[in-house]
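Below is one structure, written out as structure tokens, with a few remarks after it.
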Amino acid sequence: MTTTTNLLPFSASSKYAAQLRRLIATGTVTLLAIMLLSVYLMPMAYMVATSLKDKAQFTETSGPLWPAREATFTYQGREYPLYKVPTEDGVKEWALVEKGREQSSFIDPANPEAGLIEWQGRWRTLERAWVFSPRWENFSTAYRLLDFGRLLRNTLAIALTGTIGTVLSCTLVAYGFARFRIPGKNIIFLILLATIILPPQVTLVPTYAVFARIGWVGTWLPLIVPHFFANAYNVFLLRQYFLTLPRELDEAAMMDGASPFRVLISVILPQAIPALTAVSLFHFFWAWNDFFGPLIYLAAEPELQPISVGIQVFNFIYGREPHMIQATAIMALALPVVLFFLSQRVFMQGVVITGVEK
Amino acid sequence: MAIAAHTPTLVQSVRRAPSRLALREAAWGLLFLSPWIIGFLAFTALPMIASLVLSFTDFDLVRPEETRFIGLENYFHLLNDSLVIESLLVTIRFALIAIPLGLAVPLGLAALLNSRHLLGRDVFRTLFYLPSIVPLVAGTLIFAGVFNTQTGWINLALESVGLPGPDWLNSKTWIYPALAIIGLWGIGNAMVTMLAGMQGVPSELYDAARVDGAGPVRMFFNITVPMISPVIFYNLTLSLIGTFQYFTVAYVLKNGTGDPGNATLFYNLYLYKVMFTYNNMGYAAALAWLLFVIVLMLTVILFGTARRWVYYEAER
């Protein structure tokens, strides 16, 4: 991936050769990246193409990969199917007017005045011609069948309240870790980090039992309330960020008599907008993605379920209709993907902080 | 402390004053930590103890008042439960494919993105990350279509070059590669962290190696990989923990049935069934603790090996 440059004395030709070599290397590496990316994102192309297909296209194995319908041509008030007919001038798309065993009559849509063309051969061996025909109504159908508006509202409500809780609590805790001398702080911090390896199943049985006892099962509360109590990843990210902020500013504010809360709000937070954005995005995406939580706590409440569970149930019912399933997949991923594109710089920085510095 | 020897009376007051300040600071600090401390006690520490206690009972949700202590019975049962072994084997079989693949692919992509010959690195980084943003359920539904034997594009591509495509999702053998491929849509974080690690490797190392005549492949394995080994280690640890919590993809693909022939009955899926299908909460708690012990042991072993292959520039 790196070319070895030999230290020859500079001459016009060697400089030229080096430039050429660099150009070839750039072309090869970039082309390789494009090819890998195409393979990697192929399922997305499949999703888009399939979501726009007509159901009939799935039973027709000779059909193209893109959404299409079988082409026809109207001649003298009647509709005739178009076939791909091999002729001396290459393959032509002709309309089959009269079927015969060994020879058939076609009409050339490009030149209907020429009249019927006799073609020797069996029309049954011919392939149908297709025209591009996206079915946008698949989306409205899926939207209606899913009651997607309700799923979207539920998902947003759960994700946004949880995000508020996460940002609030993680900010407070990270501030505590970053700026205060507390006896045993290092041990507390280690315990916090250790919770990362704790499988959530270990606490699941009693937690579920208690939530069931206090009537929280079948509500959003188990999916929201725990996020008001901070989590290791986001506390770690914010703490790392706060540690990079200069202490002089908060010490000056303290001297002026500002309380620690005031310092946090007016000195620290304005400088930490990127980190706070990253944490908000992390939680929002996480909540949007979460399947297990809503599955166990909202199993009996379809009215309250978010998108993740809603489309899984839909998939179970409409499993034989790929175009519907792929349309729901697009609807489920649209918002996170758009948000990601808008925020990817800040988002990536956040990923790097949590991943590299640990 | 030099003053202390000369003026002992002053020391007392000097010492008391900062200690009051220190107390105040500690109190403020604890106040800020309190959300996590309370949450840790309420949602982690107490439930952990409760879960351990419940694992020695026959607790269920329908008749909680009839719960009895049954000693180690759940744990004996667990040793004789063929589905425990089977689901562990399923998890391990998957892990052996998915974990190496889930590290090698992001490592390769990071190296590609780190190449100084690549045009538009940021665009490629964003697009290679994109699938990791796709919600897991949606991604699973997409791949269920892509792996379809009749209309899926993978088998169409294989057939077009004359290869018979396997029945990915209904074969006890091919299901694991299929799941591992689905998992490749979640490597974004690993790729981005490895790339950041690579960008932090001092270029003098490469210059020196180049002078010694090392080629790009040798430089990759002898400089890049060792230098970013902490990032690789971190991602390995996370994927190990994640594999034992594998659930959503298996559940969505097969609607939680574990088909074909229990090949997707991952440990966590079995635990879910014990909890919610068989309503055997005490036994589920025992299963969860077994899982915890296994994950803990593997993590300890992993950290034990870290000394041999993970390079830390400066021990903190």
- Note on the structure: Of the candidates B:Phe32, B:Phe40, the one satisfying the condition of being within 25 Å of the chain's Cα centre (by Cα) and crowded, with 18+ Cβ neighbours inside 10 Å is B:Phe40
- Filter result for B:Ala208 (at pLDDT below 90, of a type in the set (A, V, I, L, M) and surrounded by fewer than 23 Cβ atoms within 10 Å (Cβ to Cβ)): no
- Message: For the stretch B:148-175, give me each residue that is closer than 12 Å to B:Val249 by Cβ and either within 13 Å of chain A (Cβ to nearest Cβ) or surrounded by fewer than 20 Cβ atoms within 10 Å (Cβ to Cβ) (or both).
- Response: B:Leu169
- Task: Please specify each residue of the stretch B:190-226 satisfying the condition of being of a type in the set (A, V, I, L, M, F, W, C) and over 26 Å from B:Ile99 (Cβ atoms).
- Result: B:Leu205, B:Ala208, B:Ala209, B:Val211, B:Ala214
- Query: Of the conditions (1) at negative phi; (2) in contact with a Phe, Trp or Tyr (Cβ under 7 Å, 6 or more places away or on another chain), B:Asn255 fails just one. Which one is it?
  - Reply: (1)
- Go through (1) more than 17 Å from B:Leu112 (Cβ to Cβ); (2) more than 7 Å from chain B (Cβ to nearest Cβ) one by one and return the number of the condition A:Met47 breaks. (2)
- Note on the structure: Going through the stretch A:120-141 in order, the residues found to be more than 22 Å from the chain's Cα centre (by Cα) and among the aromatic types (Phe, Trp, Tyr) are A:Trp123, A:Trp130, A:Phe132
- Query: If you go through the stretch A:79-97 one residue at a time, do you hit one that is under 30 Å from B:Ala178 (Cα atoms), touching a Ser or Thr at 6+ places or on another chain (Cβ under 9 Å) and surrounded by 18 or more Cβ atoms within 10 Å (Cβ to Cβ)?
  - Reply: no
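Residues checked against (1) of a type outside the set (A, V, I, L, M); (2) more than 24 Å from the chain's Cα centre (by Cα); (3) on the phi > 0 side of the Ramachandran plot; (4) modelled with pLDDT under 85:
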{"position": "A:Met47", "(1), (2), (3), (4)": "no, no, no, no"}
{"position": "A:Thr59", "(1), (2), (3), (4)": "yes, yes, no, yes"}
{"position": "A:Ser62", "(1), (2), (3), (4)": "yes, yes, no, yes"}
{"position": "A:Pro81", "(1), (2), (3), (4)": "yes, yes, no, no"}
- Query: Do you know which of the residues in the stretch B:258-297 that are assigned to a helix (DSSP H, G or I) and hydroxyl-bearing (Ser, Thr, Tyr) is modelled with the lowest pLDDT?
  - Reply: B:Thr277
- Criterion (without any contact (Cβ under 8 Å) to a residue 40 or more places away in the chain, assigned to a helix (DSSP H, G or I), within 11 Å of chain A (Cβ to nearest Cβ) and more than 34 Å from the chain's Cα centre (by Cα)) met by exactly one of B:Ala50, B:Ala27: B:Ala27
- Note on the stretch B:230-271: residues more than 9 Å from chain A (Cβ to nearest Cβ) and β-branched (Val, Ile, Thr) are B:Ile232, B:Thr243, B:Val249, B:Thr257, B:Thr264
- Query: Among the residues of the stretch A:62-78 satisfying the criterion of being under 28 Å from A:Ser140 (Cβ atoms) and without any contact (Cβ under 8 Å) to a residue 24 or more places away in the chain, which is surrounded by the most Cβ atoms within 10 Å (Cβ to Cβ)?
  - Reply: A:Thr72
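For every residue, the table says whether it meets (1) more than 7 Å from chain B (Cβ to nearest Cβ); (2) touching a residue at least 24 places away in the same chain (Cβ under 8 Å); (3) part of a loop (DSSP other than H, G, I, E, B).
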| site | (1), (2), (3) |
| --- | --- |
| A:Ala174 | yes, yes, no |
| A:Ile182 | no, no, yes |
| A:Thr203 | no, no, no |
| A:Thr207 | no, no, no |
| A:Thr219 | yes, yes, yes |
| A:Leu223 | yes, yes, no |
| A:His227 | yes, yes, no |
- Message: I'd like the residue in the stretch A:156-170 that is over 13 Å from A:Thr277 (Cα atoms) and surrounded by 21 or more Cβ atoms within 10 Å (Cβ to Cβ) and, out of all such residues, is nearest to the other protein chains (Cβ to nearest Cβ).
- Response: A:Ser169
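Quick grid of which residues meet (1) out of contact with any Ser or Thr (no Cβ under 9 Å at 6 or more places or on another chain); (2) under 27 Å from A:Leu295 (Cβ atoms):
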residue	(1), (2)
B:Leu265	no, yes
B:Asn268	no, yes
B:Leu291	yes, yes
B:Val300	yes, no
- For the stretch A:115-136, what are the residues that are surrounded by 12 or more Cβ atoms within 10 Å (Cβ to Cβ) and either part of a helix (DSSP H, G or I) or among the small types (Gly, Ala, Ser) (or both)? A:Gly121, A:Trp123, A:Ala129, A:Ser133
- Message: Looking at B:Thr224, B:Thr264, B:Thr243, can you tell me which residue is in contact (Cβ under 8 Å) with a residue 12 or more places away in the chain, more than 25 Å from B:Val84 (Cβ to Cβ), buried (at least 21 other Cβ atoms within 10 Å of the Cβ) and out of contact with any Asp or Glu (no Cβ under 9 Å at 6 or more places or on another chain)?
- Response: B:Thr224
- Message: Out of B:Pro106, B:Pro100, I need the residue that is over 19 Å from B:Leu265 (Cβ atoms), crowded, with 17+ Cβ neighbours inside 10 Å and of a type outside the set (D, E, K, R). Which one?
- Response: B:Pro106
- Task: Hand me the list of helices (runs of 4 or more DSSP H) wholly inside the stretch A:253-358 holding 2 or more residues that are under 20 Å from the mean Cα position of the chain (by Cα) and modelled with pLDDT of 95 or more.
- Result: A:273-289, A:292-297, A:307-317, A:322-356
- Message: Consider the stretch B:106-148. How many of its residues are farther than 30 Å from A:Pro306 by Cβ and assigned to a helix (DSSP H, G or I)?
- Response: 12
- Here are A:Pro270, A:Pro302: which of them is under 27 Å from A:Gly215 (Cα atoms), away from chain B (no Cβ under 11 Å) and free of Cβ contacts under 8 Å to residues at least 12 places away in the same chain? A:Pro302
- Query: Taking A:Phe292, is it in contact with a helix residue (DSSP H, G or I) (Cβ under 7 Å, 6 or more places away or on another chain) and either facing chain B (nearest Cβ under 8 Å) or not hydrophobic (A, V, I, L, M, F, W, C) (or both)?
  - Reply: yes
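The values are calculated or read from the model by the stated rules, or taken from the named source; none is laboratory data. Here the structure is a predicted model, which is why all the values come from computation and not from measurement. Glycine also receives a Cβ, built like all others from the backbone with ideal geometry; neighbour counts cover every protein chain displayed.
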